[in-house]
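The values are calculated or read from the model by the stated rules, or taken from the named source; none is laboratory data. Here the structure is a predicted model, which means the values were calculated and not measured. Cβ placement follows ideal geometry from the backbone for every residue including glycine, while neighbour counts extend to all protein chains displayed. Just so you know, the surface numbers come from the protein's heavy atoms only, side chains and all, with ligands and any DNA or RNA stripped out. Shrake-Rupley method; radii C 1.70, N 1.55, O 1.52, S 1.80 Å.
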Amino acid sequence: MSFKNILGHEKELNILKNAISCGKVAHSFLFSGPAGVGKKLTARTFAGALNCRDFKGEACGSCRDCRMMEAGNHPNLQIICPTDKDGDESPEGLIRIDRIREIQNALRFKADGKKAVIVDGADRMQPAAANAFLKTLEEPPEGSVIILVSAHATELLPTILSRCRKINFRPLPEGVIADYLSGRKGLNRDHAEMIARQSCGSISTALRSLDDAGGRKELLERFIRLTPGDVDGALGLAEDLSRSDDLEGILESIKVWYRDLAVSTLGEARLAVNPVAAEFAAREDRRFQAPWDFFSLVEGARRDIMPPRYANKQLTMEALILRLIEGGPASMGPGRS
Ligand SMILES: [Zn+2]
C-alpha cells in the first residue's frame, strides 16, 4: 500500500504524510466526501504508514509490518463496516453495538506501533453503537488512531464530528478518472472521457459503469423509453430498479439525464454526457419547463432509500417513476417524443 497508488487528493495526502513525519497524528479522523473517491483506500494506506518501521514519506513496503498490512492480517488494523461477522449485510445494514464493544476490547491492550481502527460507513452506526463509540473518542486509548469514513458525514452525531480531525475528499477531477481508465484499463480516450463525465468524480462509479454489473445501461434505456400513461411499464421498471444492486448508481444516471436535458435545451448540447438526451431535447419542440425539479425528485428518492431513512425501495421507486412520467411538477415525461 502506497500513497502513490491513490488517485488525486494531493493536499489531503500531504496533511496525513506530514502528520506522521512530525509525529503529530490526531487520535481520531473523519474522512468525509462522496462515495468511491478513495477515502477507505487512503485510510488503509495511512494505517499502514503509521505502522511501518521505516517510513520516509511512504511506507517502505518491505518491513514485517508493511508485509502484514499488505496481506490484510496485521493485528494493529481493524476495519468495521455495516456488515455482520460472516460478511453478510446485517439485517438493519447498521453497525451494531457488539462490534463497537469488540473494538473497544481490542484497543485496551497495548501494542507495538499504532493500533488503527477504520469505521467504514460511520454514519451507519446504531444509536447505541454511536453512543458507546463516543466514549472511545472522548478517552482515546494510548497509541491508537481511529479513522471514521463516511459519505454522509452530516448524519453523524455532532458530538462525534467535533472530536475528529476532518479531512474532506472532493470528487476526483474528470481528467484524473479519464487518465486512469485509459492508462490502466486500456480504454480508448473518447470512451474513457465519456465514462469519466458520467461518473460524478467517483472512481468506483466509473468502474461499475464499465462492467455494468447492476444492469444500469439497460434500466436507464427502459426509463428513457417510458411514455406518459405507461403505468405498467413504470411499475415494472420500479420493481426492477428496487432489486438492482446498483440502484444508487442508476439514480445518479437518471440525474445526469435531466442535467443533460437542461443543458441541451439551453442550447449547450455539446455539454451533454448522454448524446441521446441532446437528440431528445432537440426533437422536443417546446422547452422543458423544469428539468431541475425532476432532478430534485430523483435526489429526494435517493435520500429516502438510504440510511438512516431506509424507505421501502419498491414503493419509493414506484412513486418516483410515476411522478416522473405523469407530469410531476411540470409536464415533462422522459419518454415524450
Ligand atoms: Zn515498512
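For segment 51-66, how many residues are open to solvent by 60 Å² or more (accessible area, probe 1.4 Å) and either under 20 Å from residue 110 (Cβ atoms) or near the ligand (Cβ under 8 Å from one of its atoms) (or both)? Spell out the reasoning first.
Just the residues of segment 51-66 that are open to solvent by 60 Å² or more (accessible area, probe 1.4 Å), to begin with: 53-54, 56, 62, 64.
Checking the rest, the ones that are also either under 20 Å from residue 110 (Cβ atoms) or near the ligand (Cβ under 8 Å from one of its atoms) (or both) come to 53-54, 62, 64.
Adding up the residues that qualify gives 4.
Go through segment 196-205 and give me each residue that's in a loop (DSSP other than H, G, I, E, B) and open to solvent by 20 Å² or more (accessible area, probe 1.4 Å).
200
Considering only segment 67-78, how many residues are open to solvent by less than 60 Å² (accessible area, probe 1.4 Å) and in a strand (DSSP E or B)?
Residues in segment 67-78 being open to solvent by less than 60 Å² (accessible area, probe 1.4 Å) and in a strand (DSSP E or B): 1 in total.
Tell me which of these residue 44 doesn't satisfy, since it passes every other one: (1) under 26 Å from the mean Cα position of the chain (by Cα); (2) open to solvent by 80 Å² or more (accessible area, probe 1.4 Å); (3) closer than 30 Å to residue 310 by Cα.
Exception for residue 44: condition (2).
Show the residue pairs that are 6+ apart or on different chains and have beta-carbon atoms under 7 Å apart, the first residue being within segment 59-70 and more than 11 Å from residue 1 (Cβ to Cβ), the second being within 8 Å of the ligand (Cβ to nearest atom) and aromatic (Phe, Trp, Tyr).
Nothing qualifies.
Kindly indicate which of 128, 151, 106 is aliphatic (A, V, I, L, M) and loosely packed, with under 15 Cβ neighbours inside 10 Å.
128
Is it true that residue 257 is surrounded by fewer than 19 Cβ atoms within 10 Å (Cβ to Cβ) and touching a Phe, Trp or Tyr at 6+ places or on another chain (Cβ under 8 Å)?
Values: surrounded by fewer than 19 Cβ atoms within 10 Å (Cβ to Cβ): no; touching a Phe, Trp or Tyr at 6+ places or on another chain (Cβ under 8 Å): yes.
No, not satisfied.
Just the residues that are touching a Ser or Thr at 6+ places or on another chain (Cβ under 8 Å) and modelled with pLDDT under 90, please, taken from segment 104-134.
Matches in segment 104-134: 107 only.
When only residues in segment 3-24 that are in a loop (DSSP other than H, G, I, E, B) and open to solvent by 30 Å² or more (accessible area, probe 1.4 Å) count, which is modelled with the highest pLDDT?
7
If you take the residues of segment 29-41 that are open to solvent by 20 Å² or more (accessible area, probe 1.4 Å) and closer than 12 Å to residue 120 by Cβ, which of them is modelled with the lowest pLDDT?
35
Answer with yes or no whether residue 3 is touching a helix residue (DSSP H, G or I) at 6+ places or on another chain (Cβ under 6 Å), within 16 Å of the ligand (Cβ to nearest atom) and closer than 25 Å to residue 101 by Cβ.
Against the criterion (touching a helix residue (DSSP H, G or I) at 6+ places or on another chain (Cβ under 6 Å), within 16 Å of the ligand (Cβ to nearest atom) and closer than 25 Å to residue 101 by Cβ), residue 3 does not qualify.
So residue 48 fits all but one of (1) out of contact with any Leu (no Cβ under 8 Å at 6 or more places or on another chain); (2) small (Gly, Ala, Ser); (3) assigned to a helix (DSSP H, G or I); what number is the exception?
(1)
Looking only at segment 206-226, count how many residues are modelled with pLDDT of 85 or more and either more than 26 Å from residue 41 (Cβ to Cβ) or open to solvent by less than 20 Å² (accessible area, probe 1.4 Å) (or both). Before the answer, list the steps.
Keep residues of segment 206-226 that are modelled with pLDDT of 85 or more, which gives 206-207, 218-226.
If we keep only those that are either more than 26 Å from residue 41 (Cβ to Cβ) or open to solvent by less than 20 Å² (accessible area, probe 1.4 Å) (or both) too, we end up with 206, 218-226.
Number satisfying all stated conditions: 10.
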